[in-house]
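*Asks:* Just dropping this structure here.
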Amino acid sequence: MKSLILTYLFKTTIVAHMKKKAQYRGLFPGALEMMILKTLSWKPMHGYALAQRLKDISEDYLQIEEGSLYPALQRMLKTGWLETEMGLSARNRPVRVFKVTEAGKKHLEQELASVEKMFAGITRVLTLAEQ
Amino acid sequence: MNWLRQFFTRHRHYDELSQSIREHLDEKAADLMDRGLTREQAERTARREFGNVTQIEECSREVWQWPTLESILSDAKYAIRQMRKAPGFSTVVVVILALGIGANTTVFSIVDAVMLRPLPFAQPQRLVEVKASGEQHFESSDVSYPDFFDWRTQAHSFEHLLAYHDTSDTLTGVNRPLHLDGEVVSWEMVPTLGISPELGRGFSPEDEKQGSRVILISHTFWKTQFAGDRSVLGRSISLGGNLYTIIGVMPATFRFPVTQPNNSFWTTLAVDADVTDIRPLTANRSTHFLTVVGRLKPGVTVAQADQEMKVIAARLAKQYPETNTRHSSAWVQSELASVLGDTSTLLLVVLGAVMLVLLIACGNIANLLLARVRDRHREIAMRSALGADRARIVRQLLAESLLLGVAGGIAGCLLAFACTPAVLRLIGDSVPRAADAGVDLPMLGFALGISLLSGVVFGIVPALTASKTDLVSTLKEGGYSDIPSHDWLRSSVIVGQVAVGIVLTVGAGLLITSFVRLTRMDEGFTPDHLLTFTFDLPDATYKDTRSQFYQQYFERLRALPGVQSAAGVHNLPMTYDLAMISFEDPEHPLPKGQQPNADLTFISTDYFHTLQVPLLRGRDFTDSDDMKAPQVMIVNEAFAKRYFPGEDVLGKKLKPGALNGMPGGPPLREIVGVVGNVRHFGVQREMPPAIYLPASQLPNWCCLRSVVRTSVDPMSLEPAVRRLVSSMDPNLPVTQVRTMDELFSLQLAQPRFAMILLGAFAGLALLLTVVGLYGVMAYSVSRRTREIGVRLALGAQRNTVMRMILHDAAVLLLIGTAIGVAASIVSASVLKSTLYGVDPHDPLVLTVVCISVTLTGLLAAYIPSIRAASIDPMKALRTE
């Protein structure tokens, strides 16, 4: 269930992002950031690896422009949820990897909690509405 | 300060961003190559799947920026580049704007100092002036002591009422006797104004009691005379031979009245109470010479106070019909309005004029910009083809005009800095509080405000027009298409400018005519080669010997080399001194309150001879007209005509209400002479009736101002005069040494500065209009080169072409003139109160202005018309 929600969020967010800045006024502000934080807190990664990973776990359901991640990454760097450091890529090349900060972890926890609450509410309504 | 750090480290972020994107693409390409793609294919695929690298990078960078600010900055940068690309154009615009904004800032700094700044007292909005008046406002007058005392006890609208009048006295007992200006006030000065002494105490009600002599001194006087000694409290100083105890020092910023910045002391009305006179001033209900200021109680409006005072005045008029019939009403107005008086009209007229000048300047610049839009058509079309929307283009063009506005504003401020002192010198003392004006921070804010406003005013229409570009046709025609509406716009701007120019020029023309009439008006005496000065003869020393002193003094004065004749006078023309007196005609007795009145002047012998006032009938006063002789008087022609039309006034006996110190009230006086009318003020609409009394028959009246007719330069006599007075009494400092020409010129200061400023602004407006008209005609000729070429090729006469251009200009001029004349007729009446001897709708002024504006305008159009006529058809047709 959770992964389905994430996939849905991911899709809407990316599409919205392509339409300029509208995404944050949309239904799920902060969804892309949440997914990035979740993925990166599993392992620090560079941009390409992050994009690949997001694609893989959504089982290629999403056909996205990889570049769309970058504005979001910059925003998160600016807010202080992420930081960068030098690391190695899968091919052992030196690359700049993104890593979740303490602030980022805290933010992720809060967001997950509130999203879960929201979906619990929505699910409950959807389940019980016609009874 | 995080944002600040980010601002400075963002270039590092940009680098890292580019690096990350590069790594991303490399890694992806390597993966793809592993799957068997060639390097070239792999790189292309990587890029395709990544998206638009440049756009994504830009989007990501924006995270670190302030988008609005930075796009404004980039607009500004672009605007600066545009300005530098057209230096000639930019210079012209900046110069035109600098003139407009500089003039506005200068005038506004004066308006601000004079009209907008609150009075320097606590809660000044609660301060009002209360005037006595007849049934109508315009008869408003000063107040008598007994009336003031009644007001003070009966009125409930005020926390305090304060009465005051000017005074001056000689400080003696110091190294050199010093002439000091001061004020006699009722005890409420400190609580009414809300300004406390910096040292000591304010007056208390006891200080008004007869015999009390206490004094508050100014900060400057304290510093200069007592070196700021704090033990000055309780010390006594001798003023006019009387000892006064210093009870306090007022702070340095204290100025009361605001129009008298040089006052050195304030004392209570006790000095007016115990003159060992038959009737002290404080008991004389018919002597009106006090100004009354009140502090309204919180929540009481001016209108409520006005109502209450009217009721009180009416009640007093019933109670004291003999003295108060003429003052049966009162009115209350805000203190600021009363300090300003008529000046505010004049200042607002000047401010309006200078704003119109700026409007004309904006019109010119708008026209220049409209012409430039044509040159930049292609550039703008290209920008919209590349995706700029209309708002973006308007914003860019507005940024350019705002930048021009700001550049003009900065130059204007510099101009204002340079001009303000000169304008202040021109204004002199003729406008209260003007001396405080200066280009300070709020004024710079004002200048910035009007700069931006002008930027919008002259930029918006060209920007909107430019952004309406029809893309396809413009690019197809290579940028030579034209927007037909431009000409219509440009022409209306010119028509508007001509109209406004006419209004300003008519205003200036009226003021100039009025001023010329004022200077040419007959004064009734010969003002050149007259020296005037004054000194006090204090009661303490001269109460009984004043007449003898004057007699001796004038004898010795007349004997000085260079002196042709000399006399003494109280209420000399061209000073602001004036007194009115009512008189009784025993042959036609009237109730006391309705007696006629006239201006009063009292003089020594030889006065008419010295001023060269013609003696029309009868005789002048002589030395034998003393206390023992029959009491006499002289009247002017206006008096004879007004009160005794068709009769011989010589020998008539009247009783002017002037006490001569003898018991039994004012004596009956015989009219022994009639003299010509004398103009008392520089600006005076009519010659009122006047009575002259001999000073020798009013020995208790003080003091005479000396007036000397010289055969040499009057000012060269100053040292001799000072020596003479000081040889007679070293405690008599001579003050106010002025020539009559100087006094006359001071009186005309206000009309003069209004005339010069409005004249300058009208000239500027006319110049800008003519330049604008020239620009529009020249532009129109250059745009119509091909058309004119065709006409000429088809056989048109060069004269016809010239006439065609002149005709176009004439149409614009005539429409503008017609509108301008109509607007002048409507608006000139605001000048009414500042005009003398000329009607606001004077047809001569209107005609002269219209003809000269039209002729100058045609002259400006003549040059382009010659150029049009000299177009070579071959060349004109080939260039297109």
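Values quoted throughout were computed directly from the atomic coordinates according to the rules given, and no laboratory measurement underlies them. Quantities reported herein were computed from a predicted structural model and do not represent experimental measurements. Backbone-built Cβ (ideal geometry, glycine too); neighbour counts: all protein chains shown.
*Asks:* Using label points projected 7 Å from each Cα along Cα→Cβ, tell me how many nm separate B:MET33 and B:LYS297, to one decimal.
*Replies:* According to this spin-label approximation, the distance is 9.7 nm.
*Asks:* Once the piece of chain linking B:ASP585 and B:GLU379 is laid out straight, how much longer is it, given 0.36 nm per residue of separation minus the C-alpha distance between them? Don't jump to the answer; show the numbers that get you there.
*Replies:* Numbers: separation 206, 0.36 × 206 = 74.16 nm, distance 9.00 nm.
Between B:ASP585 and B:GLU379, full extension yields 65.2 nm more.
*Asks:* Would you kindly enumerate the cysteines in chain B that have no other Cys beta-carbon under 4.7 Å from their beta-carbon?
*Replies:* B:CYS59, B:CYS362, B:CYS413, B:CYS419, B:CYS850 - these cysteines have no disulfide-compatible partner (Cβ-Cβ under 4.7 Å) in chain B.
*Asks:* Among A:TYR70, B:TYR607, which comes first, second and so on when ranked by fewest other beta-carbon atoms within 10 Å?
*Replies:* On the way: A:TYR70 24, B:TYR607 27.
In increasing order of surrounding Cβ atoms, one gets A:TYR70, B:TYR607.
*Asks:* To make sure I understand, if each residue's beta carbon is the centre and we count other beta carbons within 10 Å, what order do B:PHE203, B:PHE644 fall in, fewest to most?
*Replies:* On the way: B:PHE203 26, B:PHE644 17.
By the 10 Å Cβ count, ascending: B:PHE644, B:PHE203.
*Asks:* Here's a follow-up. Starting from the 7 Å offset along Cα-to-Cβ, what nm value, one decimal, do you get for the label separation of B:THR847 and B:THR735?
*Replies:* 5.3 nm
*Asks:* Just to confirm a number: summing +1 for Lys and Arg and -1 for Asp and Glu over residues other than B:GLN684 whose beta-carbon lies under 13 angstrom from that of B:GLN684, what do you get?
*Replies:* Net local charge, B:GLN684 excluded: -1.
*Asks:* Further question on the same structure: Kirkwood hydrodynamic radius of chain B from all distinct Cα pairs, in Å? Let's see the in-between values first.
*Replies:* On the way: mean 1/r = 0.0298 Å⁻¹.
When all Cα pairs of chain B are included, the Kirkwood radius is 33.5 Å.
*Asks:* FRET efficiency for B:THR54 and B:GLU16, Cβ-Cβ distance as r, R0 = 22 Å, nearest 0.05? Mind dumping the intermediate values first?
*Replies:* Working: r = 17 Å, r/R0 = 0.78.
Efficiency for this residue pair is about 0.80.
*Asks:* For a quick check of your reading of the filter: which trypsin sites (Lys or Arg not before Pro) in the stretch B:263-364 sit in a DSSP loop and have no more than 12 other Cβ atoms within 10 Å?
*Replies:* none
*Asks:* Right, something else. May I ask you to compute the full-extension gain from B:ASN799 to B:VAL174, defined as 0.36 nm times their residue separation minus their alpha-carbon distance, rounded to one decimal in nm?
*Replies:* Additional length available on full extension: 216.4 nm.
*Asks:* Mind sorting B:SER696, B:SER109, B:SER236, B:SER491 by how few other Cβ atoms lie within 10 Å of their own Cβ, fewest first?
*Replies:* B:SER236, B:SER491, B:SER696, B:SER109
*Asks:* What number comes out for the charge environment of B:ASN324, summing +1 per Lys or Arg and -1 per Asp or Glu over other residues with Cβ under 11 Å away?
*Replies:* Local charge sum for B:ASN324: +2.
*Asks:* Where in the stretch B:702-738 does the amide nitrogen come within less than 18 Å of the point 7 Å from the Cα of B:THR220, taken along Cα to Cβ?
*Replies:* It comes to B:735-737, nothing else.
*Asks:* What is the sum of charges, Lys and Arg at +1 and Asp and Glu at -1, for the other residues whose Cβ falls under 14 Å from the Cβ of B:ALA796?
*Replies:* Values: positive: B:ARG784, B:ARG786, B:ARG791, B:ARG798, B:ARG803; negative: B:GLU787, B:ASP872.
Result for the local shell: +3.
*Asks:* Under 20 Å between alpha carbons, and skipping anything fewer than 8 positions from A:LYS55 in its own chain: which lysines qualify?
*Replies:* Candidates past the 8-residue exclusion: A:LYS2, A:LYS11, A:LYS38, A:LYS43, A:LYS99, B:LYS28.
*Asks:* Principal axes first, then extents: for the Cα atoms of the protein assembly as shown, list largest minus smallest coordinate on each axis, whole Å, largest first.
*Replies:* 140, 87, 64
*Asks:* Expressed as a whole percent, how much of the Cα-Cα distance distribution for the stretch B:1-112 exceeds 21 Å?
*Replies:* 65 percent
*Asks:* I'd like the antiparallel share, as a percent to the nearest 5, of DSSP beta bridges with both residues in chain B.
*Replies:* Antiparallel: roughly 80 percent of the beta bridges in chain B.
*Asks:* Find how much the distance from B:LYS85 to B:ARG878 grows on full extension, using 0.36 nm per residue of separation minus their present alpha carbon separation; answer in nm with one decimal. Can you show the working numbers first?
*Replies:* Numbers: separation 793, 0.36 × 793 = 285.48 nm, distance 2.84 nm.
This chain segment gains 282.6 nm when fully extended.
*Asks:* Spin-label point model (7 Å from Cα, Cβ direction): what's the B:ASP713 to B:ARG235 distance in nm?
*Replies:* Those two pseudo-labels are separated by 4.0 nm.
*Asks:* If R0 is 30 Å, what FRET efficiency do you get for B:ASN262 and B:ARG642 from their C-beta distance, rounded to 0.05?
*Replies:* Values: r = 39 Å, r/R0 = 1.29.
Result of the calculation: an efficiency of 0.20.
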